[in-house]
Every structure is written in C-alpha cells, then in structure tokens.
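The values are calculated or read from the model by the stated rules, or taken from the named source; none is laboratory data. Note that this is a predicted model, so its numbers are computed, not measured. Cβ placement follows ideal geometry from the backbone for every residue including glycine, while neighbour counts extend to all protein chains displayed. Heads up: the accessible areas ignore ligands, DNA and RNA and are worked out on the full protein's heavy atoms, side chains in. Shrake-Rupley method; radii C 1.70, N 1.55, O 1.52, S 1.80 Å.
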Amino acid sequence: MEQQRIDLEIGDRIFLTMPWSEVCVHLQVADRVMEVEVREHGAQLLKDGEPYSIPITWGEAGIYTDSTTNKPYTYTAERAEV
C-alpha cells in the first residue's frame, strides 16, 4: 500500500502515529496517535488540546523537510479540526 504524502504548513494540526524515535519512546508516546501542531521550529504534541510536553523536532515527531521547499510534510496523517 502506497503512503500518501501530506504537505504541511506552520500552524497545521494533524493526528499522527508517533514514530519510535528516542524522544517519543522517552515520552511514552511511541506508536500512539497524537495530535501534533506544526510549529516553525518543531512540533508541539497535544493531549486533549493542551501541550503534552515541550515542543520536539519535526524529525522526532515523524515530520520530514522537503529538500526543495524546506516545508514540512509527513505520511498517513489526518488533519485535525481546529
């Protein structure tokens, strides 16, 4: 099954399954669906609309940087209603 790329903008909120990054393992959110707000210099994990931790890097949250535009993108996320 091909994963669909989802281009993101700063301020977007998405629901995303957290990767097994060191930070997500430490925060005990690896492999859990979390609401994530895309920020200019990181990603804010949210639980019930409130910050879950301090912001983490895009990469730690499973968000990648386009090499041409430097904009964030990810796969298999669902946009959150704000």
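Other residues lying with their Cβ under 13 Å from the Cβ of residue 24 contribute a combined charge of -2, Lys and Arg counting +1, Asp and Glu -1. Consider all pairwise Cα distances in segment 31-79 and report the whole-number % of them above 17 Å. Beyond 17 Å sits 30 percent of the P(r) for segment 31-79.
For the options 65, 17, 57, a Gaussian network treatment of the chain with springs between C-alpha atoms closer than 10 Å singles out 65 as fluctuating the most. Summing charges over neighbours of residue 71, with a neighbour being any other residue whose Cβ is under 15 Å away from its Cβ, gives -3 when K and R count +1 and D and E count -1. Compared with the direct C-alpha span, the chain from residue 10 to residue 40 gains 10.2 nm at full extension, assuming 0.36 nm per residue. Per residue, the solvent-accessible area of segment 21-72 (1.4 Å probe, heavy atoms of protein chains only, all protein chains present) comes to 61 Å². Computed over neighbours whose Cβ is under 15 Å from that of residue 5, the net charge equals -4, Lys and Arg +1, Asp and Glu -1. The Rg/Rh ratio of the chain, with Rg taken over Cα atoms and Rh as the Kirkwood radius over Cα pairs, comes to 0.93.
Among 14, 54, 63, the largest mean-square fluctuation in a Gaussian network model of the chain (Cα springs under 10 Å) belongs to 54. Atom-type composition of the exposed protein surface of the chain places 48 percent of the accessible area on carbon and sulfur (1.4 angstrom probe). Each Cα pair under 8 Å and six or more residues apart adds its separation to the average, and for the chain the resulting relative contact order is 37 percent. Take the alpha carbon gyration tensor of segment 1-49, find the square roots of its eigenvalues, order them as a ≥ b ≥ c, and report rounded if a/c is under 1.5; if not, report prolate when a/b exceeds b/c, else oblate. It is oblate, given that a/c is not under 1.5 and a/b is not larger than b/c.
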